[in-house]
Amino acid sequence: MTYLMSLFLIGLIVGMVAVASNPAPYFAALGLVVSAGVGCGILAGHGGSFLSLILFLIYLGGMLVVFAYSAALAAEPYPEAWGGWSVIVYMLVYMTGVVVAGACMWGGWYEGFWVMESFKEFMVVRGDTSGAAFMYSFGGGMLVISAWVLLLTLFVVLELTRGLSRGTLRAV
Amino acid sequence: MTPTHFSFTTAFILGLMGLAFHRTHLLSALLCLEGMMLSLYIALSLWTLQLETTCYSTAPMLLLAFSACEASAGLALLVATARTHGTDHLKNLNLLQC
């Protein structure tokens, strides 16, 4: 289990290096998919199965489909992969930085606990599953605020992409 | 510092450096912003799971709702830029500024 979790942690860093090293948006989206999938593995390994499921369904299923569509919208004929010179220089610089930072921290590691047995307060169901239900009782104010923010964002998006004589896009 | 803390902190800093140094595509900057939000989600979830408090497990889901707002506003700006300028290169946003 320790080896598998170490592999997941290294995969998270490598995925973020692949996003941050400035390739074409196709390949950056691929790196973000790898990083999100590995993040699901990390959360499941720590015992948060419901949070891992939320990350997998909402993040990978909702946002990255939209990002793939936008990458197709902003397409270019010869996309630059990780083999190009500027990208490979960025990747080497970032990986060197990560290795140097890890070497500076090298003496101070201690073994964290990987898998949780159960939470203290709930014994029947998993703790994160029942803790998410607090959003409907004690966290009702934040639930109302976030629903309001999502509704506001809908109108912001509609006004940004309206296009006719009113709004922000009058040129089209 | 456990390896887990080092890992998501490094992921956040890498996303921030990519957002700061990217100068070509607007979509690459948005992807770096999404990567930062992903590392923040993992950080909040691990905070819940390692402190064994169930009340805090609503925090990463509210963060996910706000990051959905941020992603949709950014993609709307991307569509607006692609319709007015014809491309999403950040270099073209400096041309003919008034």
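Quick notes on this structure:
- Residues that are within 7 Å of chain A (Cβ to nearest Cβ) and free of Cβ contacts under 8 Å to residues at least 24 places away in the same chain, drawn from the range B:23-49: B:SER28, B:LEU31, B:CYS32, B:SER45, B:THR48, B:LEU49
- Counting the residues of the range B:4-60 that are open to solvent by 20 Å² or more (accessible area, probe 1.4 Å) and among the charged types (D, E, K, R) gives 2.
- A:LEU64 being closer than 16 Å to A:ALA18 by Cβ, assigned to a helix (DSSP H, G or I) and open to solvent by 50 Å² or more (accessible area, probe 1.4 Å): no
- Checked against the criterion of being within 30 Å of A:ALA72 (Cβ to Cβ), open to solvent by 50 Å² or more (accessible area, probe 1.4 Å) and at the interface with another protein chain (Cβ under 7 Å from one of its Cβ atoms), the range B:68-80 contains one or more residues that satisfy it.
- Helices (runs of 4 or more DSSP H) (entirely within the range A:1-60) containing at least 3 residues that are among the aliphatic types (A, V, I, L, M) and open to solvent by 50 Å² or more (accessible area, probe 1.4 Å): A:2-20, A:25-45
- The range A:115-166, residues that are modelled with pLDDT under 65 and either over 19 Å from B:TYR41 (Cβ atoms) or open to solvent by 60 Å² or more (accessible area, probe 1.4 Å) (or both): A:VAL115, A:GLU117, A:SER118, A:PHE119, A:LYS120, A:GLU121, A:PHE122, A:MET123, A:VAL124
The values are calculated or read from the model by the stated rules, or taken from the named source; none is laboratory data. All of these numbers come straight from a predicted model, not from anything done at the bench. Cβ coordinates were reconstructed from backbone atoms using ideal geometry, including for glycine residues, and neighbour counts include every protein chain displayed. Just the protein is used for accessible areas: all its heavy atoms, side chains included, with ligands, DNA and RNA removed. Shrake-Rupley method; radii C 1.70, N 1.55, O 1.52, S 1.80 Å.
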